[in-house]
Amino acid sequence: ESDAGDYTCVCGDKQSTASLAVHALPVLFKEELKNEEVQEGASVSLRCELTKAAPVQWKVGSKVLKASDKYQMRQPGTTAELFIHDLEVEDA
């Protein structure tokens, strides 16, 4: 999208200008989340990969998760990761 704009070809005192529009592709899941089974007290990492870098939001049910000692979020490039520490039965 940042390549959109007016481009001009100049030759001496003559010029030709064209406008370039770039339509963004939708963000899709390249690799989806996988089901996990983990022991109580352990930690788990949930990971998905997108087709391009975009902001993500992590939820459990309808509750939006915030970074804390229990929940850690990372997003290097197109990979989104959620780390859940000290798992309890209620975290299922």
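Side notes on the structure shown:
- Protection proxy ranking of 48-57, 32-41 - average other beta-carbon atoms within 10 Å, highest first: 48-57, 32-41
- 3J(HN,Hα) along the range 34-42: 10, 4, 9, 10, 9, 6, 4, x, 7 Hz, from the Karplus curve 6.51 cos²θ - 1.76 cosθ + 1.60 with θ = phi - 60°, whole Hz, x for Gly and Pro.
- Take H85: with every protein chain present and a 1.4 Å probe, its accessible area is about 60 Å².
- Summarising the amide proton neighbourhood of A53: residues at separation of 5 or more, or on other chains, whose placed amide H is nearer than 5 Å comprise an empty set.
- Computed from point charges on the beta carbon alone (+1 for Lys and Arg, -1 for Asp and Glu), the dipole magnitude for the chain about its Cα centre is near 320 Debye.
- Computed over protein heavy atoms with a 1.4 Å probe, the accessible surface of the chain works out to 81 Å² per residue.
- Whole-percent carbon and sulfur share, accessible surface of the chain, 1.4 Å: 51 percent
- Relative contact order (%) - criterion: Cα under 8 Å, at least six apart; region: the range 25-91: 37 percent
The values are calculated or read from the model by the stated rules, or taken from the named source; none is laboratory data. Worth saying up front: this structure is predicted, and the values here are computed from it rather than measured. Counting neighbours? That spans all protein chains shown, and the Cβs are built from the backbone with ideal geometry, glycine included. Just so you know, the surface numbers come from the protein's heavy atoms only, side chains and all, with ligands and any DNA or RNA stripped out. Shrake-Rupley method; radii C 1.70, N 1.55, O 1.52, S 1.80 Å.
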